[in-house]
């Protein structure tokens, strides 16, 4: 779960949070980019194309913006 001023691109029940599944093919790279952006004071930009519940994090009715394998994840100044 990545917190930030992301808005709510997929109109989920919770805004300003992006979730990257551990099964994402580039999970380790995205995680490293998010940590690097945070440590260097940079912003991340990501696309979300769906809303899904994250069972370990919140109740089943709560949905979050999901970063899909075909979505972009970038660092910005």
Original post:
Quick one: is residue 61 surrounded by 13 or more Cβ atoms within 10 Å (Cβ to Cβ) and either under 13 Å from the mean Cα position of the chain (by Cα) or at pLDDT 90 or above (or both)?
Top reply: no
Original post:
In segment 12-36, which residues are surrounded by 13 or more Cβ atoms within 10 Å (Cβ to Cβ) and in a helix (DSSP H, G or I)?
Top reply: 27, 30, 31, 33, 34
Subject >> Residues that are more than 11 Å from the chain's Cα centre (by Cα) and under 17 Å from residue 73 (Cβ atoms), drawn from segment 13-28 >> reply: 22, 23, 24, 25, 26, 28
Original post:
Is segment 37-56 home to any residue that is free of Cβ contacts under 8 Å to residues at least 40 places away in the same chain, assigned to a helix (DSSP H, G or I), more than 13 Å from the chain's Cα centre (by Cα) and surrounded by 12 or more Cβ atoms within 10 Å (Cβ to Cβ)?
Top reply: yes
**OP:** Evaluate the following for residue 75: is it within 17 Å of residue 9 (Cβ to Cβ) and outside any loop (DSSP other than H, G, I, E, B)?
**Re:** no
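The values are calculated or read from the model by the stated rules, or taken from the named source; none is laboratory data. Source: prediction; values computed, not measured. Don't worry about glycine lacking a Cβ; one is built from the backbone with ideal geometry, like all the others, and counts go over all protein chains shown.
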